[in-house]
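Colleague: Submitted below is the structure of interest, expressed as structure tokens.
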């Protein structure tokens, strides 16, 4: 996997995303933010992020809407749901429904980097597998 990771943030509220953005920036992970599922769908096609961070509830949908968009994208991506507080029930629900992970503040460097890198690697592996199938 290349060292450069790009993450799309889909959120309508500043908290906890302002803290998440700051930590991702400190980890040298490039980000771009949008506020709606529609904007996310348009941007995914253009810039092909490795990882998407999505707020649990959005103005025009939810994290599940973003997951559906990600699954329909022309390149594989990994979705991480961002909650406002750590919540075991939400974590299990998100994982059971197909998201890559669930994170909540505080966003500490080491654990967040591990989650983002793992999500990015998973997306890259799926992209490589799809490319091999397309060539065969």
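Colleague: Please specify each residue of region 42-59 satisfying the condition of being crowded, with 17+ Cβ neighbours inside 10 Å and either within 20 Å of residue 101 (Cα to Cα) or at pLDDT below 90 (or both).
Modeller: The answer is 44, 49, 50, 51, 52, 53, 54, 55, 56, 58.
Colleague: Another question about this same structure. Just the residues that are on the phi > 0 side of the Ramachandran plot and assigned to a strand (DSSP E or B), please, taken from region 34-60.
Modeller: none
Colleague: Taking the stated definitions as given, is residue 27 surrounded by 17 or more Cβ atoms within 10 Å (Cβ to Cβ) and either modelled with pLDDT of 95 or more or under 20 Å from residue 6 (Cβ atoms) (or both)?
Modeller: no
Colleague: If you don't mind, there's one more thing I want to ask. How many of the residues in region 93-136 are surrounded by fewer than 14 Cβ atoms within 10 Å (Cβ to Cβ) and over 22 Å from residue 11 (Cβ atoms)?
Modeller: Here the count works out to 12.
Colleague: Follow-up. How many of the residues in region 15-33 are closer than 16 Å to residue 103 by Cα and part of a helix (DSSP H, G or I)?
Modeller: The total comes to 8.
Colleague: Something else about it: Tell me whether region 73-80 contains one or more residues that are under 22 Å from residue 17 (Cβ atoms) and surrounded by fewer than 17 Cβ atoms within 10 Å (Cβ to Cβ).
Modeller: For region 73-80, residues under 22 Å from residue 17 (Cβ atoms) and surrounded by fewer than 17 Cβ atoms within 10 Å (Cβ to Cβ): present.
Colleague: Given the residues 107, 100, which is the only one that is at pLDDT 90 or above, over 16 Å from residue 50 (Cα atoms) and touching a helix residue (DSSP H, G or I) at 6+ places or on another chain (Cβ under 6 Å)?
Modeller: Of the residues listed, the single one that is at pLDDT 90 or above, over 16 Å from residue 50 (Cα atoms) and touching a helix residue (DSSP H, G or I) at 6+ places or on another chain (Cβ under 6 Å) is 107.
Colleague: So, one more: Which of the residues that make up region 62-72 are closer than 15 Å to residue 43 by Cβ and in contact (Cβ under 8 Å) with a residue 12 or more places away in the chain?
Modeller: Within region 62-72, 65, 66, 69, 70 meet the criteria.
Colleague: Another one. Determine whether residue 9 is within 12 Å of the chain's Cα centre (by Cα) and either exposed (fewer than 14 other Cβ atoms within 10 Å of the Cβ) or over 28 Å from residue 134 (Cβ atoms) (or both).
Modeller: Spelling it out, residue 9 is indeed within 12 Å of the chain's Cα centre (by Cα) and either exposed (fewer than 14 other Cβ atoms within 10 Å of the Cβ) or over 28 Å from residue 134 (Cβ atoms) (or both).
Colleague: Taking the condition out of contact with any strand residue (DSSP E or B) (no Cβ under 9 Å at 6 or more places or on another chain), modelled with pLDDT under 95 and closer than 20 Å to residue 6 by Cα, does residue 128 pass?
Modeller: When the stated conditions are applied, residue 128 passes them.
Colleague: Is there any pair with a first residue in region 88-113 that is farther than 15 Å from residue 63 by Cβ and a second that is assigned to a helix (DSSP H, G or I) whose Cβ atoms are under 7 Å apart and which are 6 or more apart or on different chains, and what are they?
Modeller: 105/19; 107/19; 107/20; 107/23; 109/23; 109/26; 112/23
Colleague: Could you check residue 75 against (1) in contact (Cβ under 8 Å) with a residue 12 or more places away in the chain; (2) assigned to a loop (DSSP other than H, G, I, E, B); (3) more than 21 Å from residue 130 (Cα to Cα) and say which number it fails?
Modeller: Condition (3) is where residue 75 drops out.
The values are calculated or read from the model by the stated rules, or taken from the named source; none is laboratory data. Predicted, not measured: the structure shown is a model, and the values here were computed from it. Heads up, the Cβs are rebuilt from the backbone with ideal geometry, glycines too, and the neighbour counts pull from every protein chain shown.
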